[in-house]
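Questions regarding the structure given below will be posed in turn.
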Amino acid sequence: MSEVELFSSFFYDRLSVMPSCWIFTLASLSILIIQGMTSLAFAQELSEKTPQEEWKKEIGEEVNTLANRIDSYFGQTRADDERSGSTLRLAPQLQVGEFMTPQTSVDLRLNLHLRNLEQFGHEIGDKLFGLNSDPSDDPTGSKPSGTSKSNREEWNWTKSIETHAAGLAPPTYGVLVRVRKNYPGKRKWIHRFWWSIGWDNDLLWENNANFSSDYAIGKNLLFRWFNQWTYNMSSSLQTTSQGPSFYQTVSDHLSVSYDARMNMAVEAGAWVLDNYSFGSTIRRRLKNRWIFLEVDPMVDFGRSHFFQRQLSVLAKVEFVFGDI
């Protein structure tokens, strides 16, 4: 069984124990099943035209290039993690809505790219799996052929350190360590897993795991199925969030996302529906390329308001320093 199958099995098996979460969980599994069925037919069609590895590389690069461009434009943490340099984001914002007083805050996020940390991770992989070894250099033939240097990417994880701060009075601040890995799928799919552990002065210790799947619908349209599990180790609170997103590139200076989410939480030892929401993110980049304007309208149905409709709008200006 491959690594992506193991991660998929673990994540979805955990979610399947939640009765109210069956629909979204089955939808997640259906995406992987449909992907496998369509990719099999597509592979048979192309088997006489191109070698399998060349075909997989071309298709994987297509969806990965689209996802990278979109995540970079929307300021996603994955894009910052996979860059070769550090990035600082400063975002003053205002949120207004029903059943709430207007809220203002300033978010600060610093993503550190430490080459020594990356090198340390490679050295650990070399020691554990012999990734720097070449079987042809071993006269005894005792080294396994599957652990040559050419297979380094199979074990390569991206590691990053992130510090963040938010609010005005009193501010919250924290730091976390995150590792992630991409799993190229078949046809126009790619799967991504990341795990993080961190601390801040508000939530204290928190553990997060995320598994998502991307599909390239077109050159400017990306579909993503999002799954995330969060465990607050200080309060023993567990939550999950999952749902679909569509990302559309309208022009070089304008992109839009359309999102639906269902959030669950543990209460009295049982999983309950906390809220579900539908929203959009409209993000525009100014001509100087390092300033972004963003408006996020959302309609939320939360348990705290007896699932009544709650409209809200978040507006912010983001300044990006470092790599863009």
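Can you pull out every residue in segment 281-324 that is aromatic (Phe, Trp, Tyr) and not in a strand (DSSP E or B)?
Trp290, Phe306, Phe307
Here's something else I'd like to know. For segment 185-204, what are the residues that are outside any strand (DSSP E or B) and free of Cβ contacts under 8 Å to residues at least 40 places away in the same chain?
Correct list: Asn201, Asp202, Leu203.
Going by the structure shown, is Ala216 free of Cβ contacts under 8 Å to residues at least 24 places away in the same chain and more than 25 Å from Asn111 (Cα to Cα)?
Answer is no for this residue.
Continuing with this model, one more query. Taking the condition in contact with a strand residue (DSSP E or B) (Cβ under 6 Å, 6 or more places away or on another chain), charged (D, E, K, R), at pLDDT 75 or above and surrounded by fewer than 15 Cβ atoms within 10 Å (Cβ to Cβ), does Glu82 pass?
In short, no.
Sticking with this one: Only one residue in Phe292, Phe226 is touching a Pro at 6+ places or on another chain (Cβ under 9 Å), closer than 27 Å to Pro92 by Cα and not small (Gly, Ala, Ser), so which one is that?
Values: Phe292 fails: touching a Pro at 6+ places or on another chain (Cβ under 9 Å).
Only one candidate qualifies: Phe226.
State whether one or more residues within segment 67-74 are assigned to a helix (DSSP H, G or I), among the hydrophobic types (A, V, I, L, M, F, W, C) and either surrounded by fewer than 16 Cβ atoms within 10 Å (Cβ to Cβ) or at pLDDT below 90 (or both).
No, that holds for no residue.
The values are calculated or read from the model by the stated rules, or taken from the named source; none is laboratory data. What you see is a predicted model; the values in this text were computed from it and never measured. Please note: Cβ atoms are built from the backbone with ideal geometry, for glycine as well, and neighbour counts cover all protein chains shown.
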